[in-house]
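Participant: A single structure is presented below for examination.
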Amino acid sequence: MVTTETSSEVTAIITPCVTLQFSWSGDRWKHEMISAGGCESIPRIWSVEMASTVDETAHCSGPIYEHLKARVDEAGIGRAILDGQGGSQHFTASFSVEERSEEVVIEVAVTDHSIDPIASLDATYLIESSSGILDSTQGAMITWNIPASRLIFEAERPATIETQEAGIGTIRCRAIAPCKPSSETVSLRYRWKWIMQPTKQIWNRQA
């Protein structure tokens, strides 16, 4: 069962396994994915938002979100709609959180509109985990096999995934969407999945 909780500075979409939590940070909404209390071995994952630099106006790293609305729809799927402005760029995004029989999936679709040409758009996260295994045979995907579950970070083509060490026990993951140099609109779709390992239960649905 998916539910939502909202306060003045925090909005959360909650499943028994994972919580997608949006927190207000002065001038924007940041988000993270954390164990909801009924899971085992779920690493913390949090977003990194940065506006384009003055000397790199065609490239955006981490969309900025200033407005947020969230709800659970009739099918029991948690949904959040966000938008924000960074320089000449306007970002819109939709998040969906779905609890399935053996997995939880968070789907994200981001669009960047700009009056200036955009070279690429990326969504950046930090994860408390050891390095995953980059799988190039099934699209842009990286996986981690952690106790009791399998974690997947996947981008839809033509987007790609990049990872690098970001400190002891922390990995930086980026989903990157290229576009034509003359384009003033670029879109990026990606997802996070937590999949139950065979014979193991990764969440207590009564928690």
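Here, each number is a calculation from the coordinates, and none is a lab measurement. A quick note: this is a predicted structure, and the numbers were derived from the prediction, not measured. Here the Cβ positions follow ideal geometry from the backbone for every residue, glycine too, while neighbour counts run over all protein chains shown.
Participant: Efficiency by 1/(1 + (r/R0)^6): what FRET value for R157 and E102, r their Cβ-Cβ distance, R0 = 22 Å, to the nearest 0.05?
Facilitator: 0.30
Participant: Then there's this: Say each of A119 and I77 gets a label point 7 Å from the Cα, pointing the same way as Cα to Cβ; how far apart are those two points in nm?
Facilitator: 3.5
Participant: Of H31, H113, how do they rank once you tally other Cβ atoms within 10 Å and put the fewest first?
Facilitator: Arranged by neighbour count, lowest to highest, H31, H113 become H113, H31.
Participant: On a full-extension model of 0.36 nm per residue, what is the gain between Q164 and S187, subtracting their alpha-carbon distance, rounded to one decimal in nm?
Facilitator: Roughly 6.0 nm would be gained on extension.
Participant: Next up: Would any residue of the range 86-125 have its amide N under 15 Å from a label point 7 Å out along Cα→Cβ of K180? List them or say none.
Facilitator: The answer is 117-120, whose backbone nitrogens lie closer than 15 Å to the label point.
Participant: Right, next: Label-point separation (nm) for S25 and A109, each offset 7 Å from Cα along Cα-to-Cβ?
Facilitator: Placing both labels 7 Å along Cα→Cβ, they lie 2.6 nm apart.
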